[in-house]
Structures are given as structure tokens and as C-alpha cells.
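Here's the structure we're looking at; comments come further down.
The values are calculated or read from the model by the stated rules, or taken from the named source; none is laboratory data. Note that the coordinates shown come from a computational prediction; the quantities given were computed from them, not determined experimentally. Don't worry about glycine lacking a Cβ; one is built from the backbone with ideal geometry, like all the others, and counts go over all protein chains shown. Side chains included, ligands, DNA and RNA excluded: accessible areas come from the protein's heavy atoms. Shrake-Rupley method; radii C 1.70, N 1.55, O 1.52, S 1.80 Å.
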Amino acid sequence: MSEPDKFEDDLLYALTRTGEGFRTEQADLVAGGYRRGRSRWRRRSTAAVVGGAAALALVGTGTVYLGSLGGKDAGTVSAASAPAATAGSAAAAATPTTAKSSAPAVVSGDEVLATFQALLPKGETSEANGRGTDDEWLDGTFASASVVFDDGQGKSLVQIGIQKHHPKQAQVPTCPPDFKLARVDSCADTTLPDGSKLLLEQGYEYSDGRADTKEWHATLTGPDGRSISLSEWNAPKEKGAPDSRPNPPLTLDQLKGIVTDRSWDRVVAAVKYDGIDEEAVDPGLSLPDRETVLAGLLPPGVTVTGRSGTALAATFQLAQGQAAGSLMLRVENWAHSGSVQGERAFKDANTLPDGSRILVNGDPDGKEKPLTVNVLRPDGMEVLVYQMPTGKPLLTADQVKAIATSPAWKVYK
């Protein structure tokens, strides 16, 4: 691997790791931005993993490159009538729990597709694709299915995606603050008896009105970490196809019935958690604690003027006289996480006298490429410092290294 390629790979890893710790406050987002963000969120769990186009998904601390994901075409089949997808059965299926015994090691794309088709109402399906946890591109963190469904009144693309977040760490989608600006006809987010969060929304593919193709969807976020997202359109394709019917074929009750059905328990049990278990790697340093440690490691004359982010990852604004700069800082304890994700990231790292492994990328002055220093200590503590390309780089490469390698970063829990 060339040095430029290695830098890009390592920087992508660093930024991905750093970005995981941030959570935007949705109350501060305008409705148009909300809609675009929601659209991207759904793409990650549905279209990005079941479509045939090339896509790039950042999953956890690594990078998964999704090439042609067309999957196996199951041809055209007749879907049996599915009582579980009706309004009456939705309530009965409203308390999904992951199976605690006989959890499958993997589920195939064919099994995911068959489960999906069995839950659809009576009609014809074509262009059927399924992706299971045995898919090498997805590393077991996604399962999905996609069909073109026709109940006799026009073809409709229907897609479902299943992923699993660490408990209490899922980003639960909510309704937009302004339906008109977001171009949403109806939206409801409710809490089911088992604590699951259910979002049902009727909106449009484009919030800017460039086309009138409708998109309706349901998202279930469960206490066990499951996230099941189901979308349907009144067109046979997500984009670029004329509308084939006035509305998508499934009612909101039917969408609810599908995402809450217990048939998905087996799939959820097989899906791996995506991302980092933040509770497992949290060293017990609060955001103020991190600022205190960082302030003590800065050279004379450089001060912290602001901070944002979380206990795991944060951005600190710095100042030196009239000059301003900023650092991204992430500190994690991998000692008891049971994860080996860092092994790949640090396989080409240099080893320091104390056994720590260090990766340094970018230019000391940040003129061409921002400086990133990532250190993994023998005790499992990892510190990543990224001097952001905003403002003036206030720290030299040696000063950034000193921050990342300092023993002041300790486990407090």
C-alpha cells in the first residue's frame, strides 16, 4: 500500500471513530435538514444494503465497502396472504424480543427474503433480493430484503432492513417539527408496551418537491437494540421511475404489523451489533474531566475556550492569543470490551518503548493534511487526537504526540 493510500485509510478510520461519539440535537435542525438526514439514515439500513448500486457504509470502527449488492434474484412469485401484516395482528405482535435460545450463527439472504415475503399481503413479487448475516460485505451487521410488490393496482418497491445497536445506544428517529417544511403528510412516534419505539410516517421521496413520488415507512427500535426499518413507494423504483399508483400498497397498520412481527426474532438474534459498545469502552472520564486533563497537557499559552461532544469523543476549541484552533479527542478503554477491532487498525503501527503502538498521519503544520495521532497502550487505553483543519494549528506534531501518549489518561471506572 502506498503512503498516500495508507494515510487515507488511517484517516478514514480515525474520523469514523471520532464521529461515532457525536449526537446532533434534532430540535436544532430545520425541517429540510431533518428530512435529508432521515433519508440518509434509512438508506443506510435499507437501500444501501439491498440495492444494486455501489455504496459506501461506515460501520462501527471499520469501513465496509459495498460493491454490487444486487443479491439473488428470486424471480416472480406469489406472496401468500399474511395475517401477521394486518391491523388486527399488529397488536398481538407488538412485543418483539430476541430469542434467548437456539440463536442462529447466521441467517441467509434467502431466509430473510422468505420471512419478508411471508409477511406481505396477497400479491405478486418480483425483483426479489435478500441479504443475510453471511454476506461477507456486511460482516453480519445487516440483514435486508427488497421486492417489487404488486397487489393488482400497480407495482411498488418495498424494502426492509434489520440492524442491531448496543442497548440504549440507538438513535431513535422522531417526527419532524414542521410537517409542511419536511413534506410529511402524517407522522406518529409511539412507545409500545414492551418499550419499543415505533415511528410511522407518510411522506414523499423528495422534500423539495422535485417529484411527487410518495414514500411511507415504519421504523421499530427495540429495547434489545433491534432497528427494523421498512419503506415503500408508489413506484417500482426508489428514484427515476414514473409513479405506478396513487399511494403505496401497504397501510400504516400493515407496516406496523410487519416490523413488529415475531418472525424477525431469529434474524435479530443472528445480526451482530454495529458500532462500538460505548458503555464497555468508556473509561469513566466525563467531558469536564477530559477538558481538565487536556488543559494540563497543553503547552504554555494555549488554553481551552470551548468544548462540545460526549464523554467518549469531543471537540475542544483552543486559543493562543488572537489565534484559534481546535482538536478532536477520543479516549477509550478496550481492556474489557472483548473487541479486537483495534488489531486491524494498529497492525502497521510503530511500537514505543513502553509497548504502546502509535499511528501518526498528516503534516506537522497541517498545510496539506491535518495531523492525526492515535495511540493504543498495552493496558487497552486508546487515545486519538486530531488537529482539525480549521483555524491555525496551534500545536506542533511533538505536542500532539505528547497529548496522545500521556499517562494522564487513566481509567476511572
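Structure data summary
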read-out: Any hit, the range 126-135, residues being at positive phi and part of a loop (DSSP other than H, G, I, E, B); value: no
read-out: Boolean, Ser78 is in a strand (DSSP E or B) and modelled with pLDDT under 85; value: yes
read-out: Filtered residues of the range 246-294 (kept if modelled with pLDDT under 95 and aromatic (Phe, Trp, Tyr)); value: Tyr273
read-out: Selection from the range 293-312 of residues that are of a type outside the set (Val, Ile, Thr), out of contact with any Asp or Glu (no Cβ under 7 Å at 6 or more places or on another chain) and assigned to a strand (DSSP E or B); value: Gly306, Ser308, Gly309
read-out: Failed item, numbered, when Gly342 is tested on (1) of a type outside the set (A, V, I, L, M); (2) open to solvent by 20 Å² or more (accessible area, probe 1.4 Å); (3) at pLDDT below 80; value: (2)
read-out: Residue in the range 173-193 that is under 28 Å from Ala241 (Cα atoms), in contact with a Pro (Cβ under 9 Å, 6 or more places away or on another chain) and among the small types (Gly, Ala, Ser) present; value: yes
read-out: So Asp243, is it farther than 19 Å from Ala114 by Cβ, open to solvent by less than 20 Å² (accessible area, probe 1.4 Å), charged (D, E, K, R) and at pLDDT below 95; value: no
read-out: Number of positions in the range 291-310 that are in contact (Cβ under 8 Å) with a residue 60 or more places away in the chain and in contact with a helix residue (DSSP H, G or I) (Cβ under 6 Å, 6 or more places away or on another chain); value: 2
read-out: Those residues of the range 296-328 which are open to solvent by 60 Å² or more (accessible area, probe 1.4 Å) and either among the aliphatic types (A, V, I, L, M) or at pLDDT below 90 (or both), in sequence order; value: Arg307, Gly321, Gln322
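Conditions tested, residue by residue: (1) closer than 21 Å to Thr141 by Cα; (2) touching a residue at least 24 places away in the same chain (Cβ under 8 Å); (3) crowded, with 19+ Cβ neighbours inside 10 Å.
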position: Ile162; (1), (2), (3): yes, yes, yes
position: Gly195; (1), (2), (3): no, yes, no
position: Leu200; (1), (2), (3): no, yes, yes
position: Tyr206; (1), (2), (3): no, no, no
position: Arg210; (1), (2), (3): no, no, no
position: Thr219; (1), (2), (3): yes, yes, yes
position: Pro248; (1), (2), (3): no, yes, yes
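Residue by residue, here is whether (1) among the polar types (S, T, N, Q); (2) out of contact with any strand residue (DSSP E or B) (no Cβ under 8 Å at 6 or more places or on another chain); (3) open to solvent by less than 10 Å² (accessible area, probe 1.4 Å) holds:
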residue	(1), (2), (3)
Gly130	no, no, no
Trp137	no, no, no
Phe142	no, no, yes
Asp178	no, yes, no
